[in-house]
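J.: One structure, as structure tokens, below. Some questions next.
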Amino acid sequence: MPDARREDLGRMLRAWRMARDPGLLPDPVPFRGHRSYLTQLDMALLLGVSERWYRALERGEDRGYAREMIAGVARILDLSAHQARALYRGTGHQPPRQRDAAARPDAALLDLLDLLHQQRRVSWICDQAWDVVAANAVAARHCPWLAHPDANAMTWAFSPEARYQLRDWDTKWAAPLLGRLRLAWQRWPDNGRLDEVVRTVRREPGVAELWDRTADDRGAADDGPRPMYFPLVAPDPVDVRITAYGRFGDTALRWLVLTPVDPSVTFP
């Protein structure tokens, strides 16, 4: 049975949903007609869960909702920091740590975020240590790890879980990514967070040996296409290119976009 606190959180969540304009979402909402609010079915479809499961959240039922689902709700409804913290804590989760860049966005970053959310491809923004500052809805759907609190592109890419989605990991992904990581490590020696990321990556199975073995790797295939598996896109791996963009004269942030080599491949 829902308790009074959870029921009240459900009422607030319902009000936040009804106040959210579907036209402001980065992704189109799969419904017919014109409405000025999101329905429970809209939320369920955008989150990839059943309508019954989402409805239970608004009813205040304690069903052990995944942190990723709560992160998705906060993102879709564009909750403020205070609202998001209440939602996380009310569903039994610790709120994510605020990133400095995300907490105090300047005008240039806001422009970058606007472009990010217009993208119909997997797209995210990282800082120098590859901590994920922001990810668009397409990225959260096809690479859910990007929506995790404290997500880091490098620590994920060298984790055992990543090697399922990053196909031909040993030959196509590992060496070029290590090359990027170690050059950044040398370039920004005072970045303590980057040093922590390097230590974490090198502790992953087989990475320390690979690190030593690829010290002289020039990364000839660094910009070549690489296969990734997207179960919602195709039954077989899709070749993608990774393109990085940045603000003029600023190395603090980079915007990354995954583009399928085959132009007929799209991300639903």
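Readers should treat all values here as calculations from the given coordinates under stated rules, not as data from a laboratory. In this text the structure is predicted, and so the values were computed from the model without any measurement. Note that we place each Cβ from the backbone using ideal geometry, even for glycine, and neighbour counts take in every protein chain shown.
J.: Return the long-range amide H neighbours of ALA134 (sequence gap of 5 or more, or a different chain), with a cut-off of under 5 Å between placed amide H atoms.
T.: Result for ALA134 returns ILE125.
J.: Can you give the extra length, in nm with one decimal, that the chain gains between TRP185 and MET12 once fully stretched, where that is 0.36 nm per residue apart less the Cα-Cα distance?
T.: Contour length minus the Cα-Cα distance gives 57.8 nm.
J.: Extending each Cα 7 Å along its Cβ direction at GLN118 and ALA81, get the distance between those two points in nm, one decimal.
T.: Here the answer is 2.8 nm between the modelled labels.
J.: Contour minus end-to-end for GLU161 and ARG199, with contour as 0.36 nm per residue of separation and end-to-end as the Cα-Cα distance?
T.: 11.9 nm
J.: Let me ask something else. Report the FRET efficiency, 1/(1 + (r/R0)^6), for LEU24 and ASP212, where r is their Cβ-Cβ distance and R0 is 51 Å, rounded to 0.05.
T.: Efficiency for this residue pair is about 0.55.
J.: Considering the chain, what Rg and Dmax in Å follow from its alpha-carbon atoms?
T.: In Å, with Rg to one decimal and Dmax whole: 19.8, 62.
J.: First measure r as the distance between the Cβ atoms of TYR245 and ARG52, then evaluate 1/(1 + (r/R0)^6) with R0 = 25 Å and state the FRET efficiency to the nearest 0.05.
T.: Efficiency for this residue pair is about 0.05.
J.: Continuing with the same structure: Around ALA153, under 11 Å between beta carbons, what's the net of Lys plus Arg minus Asp minus Glu among the other residues?
T.: Result for the local shell: 0.
J.: Among MET228, LEU166, VAL132, flag the residue with its Cα farthest along the positive direction of the charge dipole of the chain, charges on Cβ as +1 for Lys/Arg and -1 for Asp/Glu.
T.: Of the candidates, VAL132 comes out farthest on the positive side.
J.: So, R0 is 30 Å and r is the distance between the beta-carbons of ARG35 and ARG5; what FRET efficiency does that work out to, to 0.05?
T.: The pair ARG35/ARG5 has a calculated efficiency of 0.50.
J.: Something else: Compute, for the range 4-90, the length of the dipole vector about the Cα centre, with Cβ point charges of +1 (Lys, Arg) and -1 (Asp, Glu) only. Units Debye, rounded to 20.
T.: Charge dipole of the range 4-90: 180 debye, to the nearest 20.
J.: Which whole-number percentage describes the relative contact order of the chain, with Cα contacts under 8 Å and a sequence gap of 6 or more?
T.: It rounds to 15 percent for the chain.
J.: Oh, and also: Residue-wise, which Karplus ³J(HN,Hα) couplings in Hz belong to the range 10-17, taking 6.51 cos²θ - 1.76 cosθ + 1.60, θ = phi - 60°, and x for glycine or proline?
T.: So the J values, rounded to whole Hz, are x, 5, 5, 4, 5, 5, 5, 5.
J.: How many nm is it between the label spots at ASP236 and ALA66, if each spot is 7 Å from the Cα in line with the beta carbon?
T.: For ASP236 paired with ALA66, the spin-label model returns 2.8 nm.
J.: Roughly how many nanometres apart are two label points built 7 Å out from the Cα toward the Cβ at SER264 and ALA252?
T.: Simple spin-label model gives 4.5 nm for this pair.
J.: Nothing charged except the Cβ atoms of Lys and Arg (+1) and of Asp and Glu (-1): what's the magnitude of the dipole of the chain about its Cα centre? Round to the nearest 20 debye.
T.: Computed about the Cα centre, the dipole is about 660 debye.
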